[in-house]
Amino acid sequence: MYCRGVFTLAADIEVLARFGRALADPIRCRILLTLREAPAYPADLADALEISRTRLSNHLACLRDCGLVVAVPDGRRTRYELADERLGHALDDLRTAVVAVEADKTCPDADEKGCC
């Protein structure tokens, strides 16, 4: 029984670490926030985010590898969307929480280390 709990915790930590790696890049954050609104095609995403299609492709590959977005065939094109609608809610909740902490300056190390 104990081993199963440790395995589940390790799996949860890995999932959260992947999510953190995805959010560590501002472009990937912008992609996720854009896809939160609606699915999109790569060319449209590149134009909206004002980045090259090659650069966008690399970021989309990272987000696919993290399991956060999926590529959906649509005729001869491929559309991207969040892998699960709950990710959109999670992004909203995380953004709201971070903004609230920033506004309240409740991070205990904010002044000392500049980490927040």
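The values are calculated or read from the model by the stated rules, or taken from the named source; none is laboratory data. Quick caveat: nothing in here was measured; it's all calculated off a predicted structure. Counting neighbours? That spans all protein chains shown, and the Cβs are built from the backbone with ideal geometry, glycine included. These accessible areas exclude ligands, DNA and RNA; they are computed on the full protein's heavy atoms, side chains included. Shrake-Rupley method; radii C 1.70, N 1.55, O 1.52, S 1.80 Å.
Those residues that are aliphatic (A, V, I, L, M) and more than 20 Å from R53 (Cβ to Cβ), I need them from region 64-94; list them, please. Outline the logic, then answer.
Residues of region 64-94 aliphatic (A, V, I, L, M): 68-72, 82-83, 87, 90-91, 94.
The answer is L82, A83, L87, A90, L91, L94.
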Inspect region 52-62 for any residue being surrounded by fewer than 13 Cβ atoms within 10 Å (Cβ to Cβ) and closer than 17 Å to G88 by Cβ and give the result as yes or no.
-> no
When Y80 is run through (1) hydroxyl-bearing (S, T, Y); (2) at pLDDT below 95; (3) surrounded by 13 or more Cβ atoms within 10 Å (Cβ to Cβ), the failure sits at (2)
Failed item in (1) at pLDDT 90 or above; (2) part of a helix (DSSP H, G or I); (3) in contact with a helix residue (DSSP H, G or I) (Cβ under 9 Å, 6 or more places away or on another chain); (4) exposed (fewer than 14 other Cβ atoms within 10 Å of the Cβ), with G20 passing the rest | (3)
Hits in region 63-77 (condition: open to solvent by 50 Å² or more (accessible area, probe 1.4 Å) and either among the aliphatic types (A, V, I, L, M) or within 11 Å of P42 (Cα to Cα) (or both)) | V70, R77
Conditions (1) at pLDDT 95 or above; (2) under 16 Å from L35 (Cα atoms); (3) open to solvent by 40 Å² or more (accessible area, probe 1.4 Å); number of the one not met by D93 = (1)
